[in-house]
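K.L.:
Mind looking over this structure? Questions follow.
Quick note: the coordinates plus some simple rules give every number you see, no bench work behind them. Bear in mind that the values here come from a model prediction, so they are computed numbers and not experimental data. Backbone-built Cβ (ideal geometry, glycine too); neighbour counts: all protein chains shown.
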Amino acid sequence: MGWSGTNKEKGVAMLQFFRTEFNFENETRSHEILDCAVVGWNTAYLAVKNTDKITGESSVSAFVCLIRHDRHSRCNFWYKDMSEEEGPNKRDCPERILKLLTPIDESKYFGYAKKWRMDCLENLQKRKLQKKNWAFMRKNIKQGNMIFINNSSMSLPFERFYSNSDSVNAGYYKVKARQIDLQKTIDNMKTNI
């Protein structure tokens, strides 16, 4: 429920660290970390193989670990782990982790894991489309194309984000990628090709 803090030695890979923390085995069951992917320095996605030694059944499920680094404390590494069955809010699980997961048996879950996986796949598809759109924009944008800004009726001419010196708003415009309404800009570019 809360955060766990420990000292993580410098140079220890995240996969090795979580294997040391979470791998477990006794007479009846075992848990083994198969893979780990860190996204954005603050979230780790784990594929965990759970084996029931009595029945021989095994399945692979996802765990999400929120991560905090605190270099000024004796406990320099903090994590909060959640199973996919708890419906974590972080939903940017990489494809390589999702491919390792066992298909969900509807009779054993309350629906959170299924929805979490569906949301992760949807976000993955959105990121792929966005990457494709950025590549299209970089390749095809020309002087005179309009750059549309998110949540605004404003658009800027693409002239290296520079307007004529006789204009009221003369000068360079600094626009961050997240401010650009990519889909609207791409649609506008396609009509002008």
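K.L.:
Over segment 45-88, what relative contact order in percent results from Cα pairs under 8 Å that are six or more residues apart?
P.N.:
Answer for segment 45-88 is 31 percent.
K.L.:
Over all directions, what mean area does the Cα convex hull of segment 4-125 project, stated in square nanometres?
P.N.:
For the Cα atoms of segment 4-125, the hull's average projected area reads 8.2 nm².
K.L.:
Let me ask something else. Can you compute the modelled spin-label distance between PHE136 and TRP3, with each label point 7 Å from Cα toward Cβ, in nm?
P.N.:
Output for this residue pair reads 4.2 nm.
K.L.:
Quick one: length gained pulling ASN42 to LYS176 fully straight, 0.36 nm per residue minus the C-alpha distance?
P.N.:
Computed gain between ASN42 and LYS176 is 46.0 nm.
K.L.:
Moving on to the next point. In straight Cα distance, which lysines are under 22 Å from LYS10, not counting same-chain residues fewer than 8 positions off?
P.N.:
Counting by Cα, and skipping residues close in sequence, LYS10 has these lysines nearby: LYS80.
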